[in-house]
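Heads up: the structure comes next, in structure tokens.
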Amino acid sequence: MHNSALVLFSGGQDSTTCLAQALSKYDRVETVAFDYGQRHIVELEARLNVLREIKLCFPQWAHKLGQDHELDLAVLGQVSESSLTRDMAFKMESSGLPNTFVPGRNLLFLTLAAALAYRRDLQVLITGVCETDFSGYPDCRDDTIKAMQLALSLGMDKRFLIDTPLMWIDKADTWRMAHTLGGQALVELIVEHTHTCYMGDRTQRHAWGYGCGVCPACELRARGFERYSQQA
């Protein structure tokens with residue numbers, strides 16, 4: 001039986017929903033984030049607010065929430081030419097992927113998370129990747145995650161499980177999952193404190209939370225919230 005987990009936690013809607021699920025499922029949960037030279041450091045600040053609010057609003061989970069880790073991965077920003085790590089406009093590339101794609105990002109995240117989990121004796125890695133309602137990133141796809149699970153388990157001689165709770169659901173269902181896990185209180189926490197916007201905008205408040213409202217991340221989040229609200 002698995003009873004401990006490490007959540008790859010950026011402080012966005014998806015990773016916060018995954019964290020809530022982990023806290024409802026496992027006895028010991030730790031979190032990890034990566035500073036990879038992203039343009040807007042606001043997400044690293046927002047995640048600390050989310051952790052604080054979860055402890056305050058959900059005392060039944062607070063005792064399960066263990067150490068938070070932040071790892072320096074600046075080298076990723078040095079080798080990537082992405083609108084998430086460079087001051088450039090969002091656009092689609094000839095490859096068919098948006099220029100928000102940071103090559104190798106999730107592969108490095110999972111490798112470092114597994115190394116940390118090995119040291120911390122945590123059995124499950126949890127990540128909010130999804131190939132249902134997403135930007136097409138190849139390192140978010142189920143085949144990639146399954147291959148990483150096998151490679152990490154073999155390479156570290158430890159049987160890791162990589163759990164992807166959002167893999168086959170869309171953003172509307174992600175909002176519904178949050179409501180199922182923590183009721184309206186968790187939905188409101190996600191709206192108020194999580195950060196998804198690629199532009200790092202915390203000045204514009206929408207029904208679904210803060211953001212510029214026009215970047216791909218905001219558009220996905222807004223459409224999902226609208227569908228969730230209509231069917232709630």
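The table below lists the values:
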read-out: Subset of the range 146-178 (residues that are among the small types (Gly, Ala, Ser) and either under 14 Å from the mean Cα position of the chain (by Cα) or closer than 17 Å to residue 113 by Cβ (or both)); value: 147, 151, 153, 155, 178
read-out: Cβ-Cβ under 7 Å pairs, at least 6 apart or on other chains, the range 16-32 side more than 15 Å from residue 69 (Cα to Cα) and free of Cβ contacts under 8 Å to residues at least 40 places away in the same chain, far side of a type outside the set (Ser, Thr, Tyr) and surrounded by fewer than 21 Cβ atoms within 10 Å (Cβ to Cβ); value: 27/3; 27/64
read-out: Breaking point among (1) part of a loop (DSSP other than H, G, I, E, B); (2) open to solvent by less than 50 Å² (accessible area, probe 1.4 Å), for residue 202; value: (2)
read-out: Looking only at the range 1-32, and only at residues there that are among the aliphatic types (A, V, I, L, M), modelled with pLDDT of 95 or more and not in a helix (DSSP H, G or I), the one that is nearest to the chain's Cα centre (by Cα); value: 8
read-out: Which numbered condition residue 106 fails, given (1) modelled with pLDDT under 95; (2) open to solvent by 30 Å² or more (accessible area, probe 1.4 Å); value: (2)
read-out: Residues located in the range 186-199, provided they are open to solvent by 50 Å² or more (accessible area, probe 1.4 Å) and either assigned to a helix (DSSP H, G or I) or under 17 Å from residue 14 (Cβ atoms) (or both); value: 188, 192
read-out: Those residues of the range 142-185 which are assigned to a helix (DSSP H, G or I), loosely packed, with under 15 Cβ neighbours inside 10 Å and of a type outside the set (Lys, Arg), in sequence order; value: 142, 143, 147, 150, 154, 155, 156, 180, 183, 184, 185
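The values are calculated or read from the model by the stated rules, or taken from the named source; none is laboratory data. All figures in this text were calculated on a predicted structure; none of them were measured in a lab. Don't worry about glycine lacking a Cβ; one is built from the backbone with ideal geometry, like all the others, and counts go over all protein chains shown. With ligands, DNA and RNA removed, areas are computed over all heavy atoms of the protein, side chains included. Shrake-Rupley method; radii C 1.70, N 1.55, O 1.52, S 1.80 Å.
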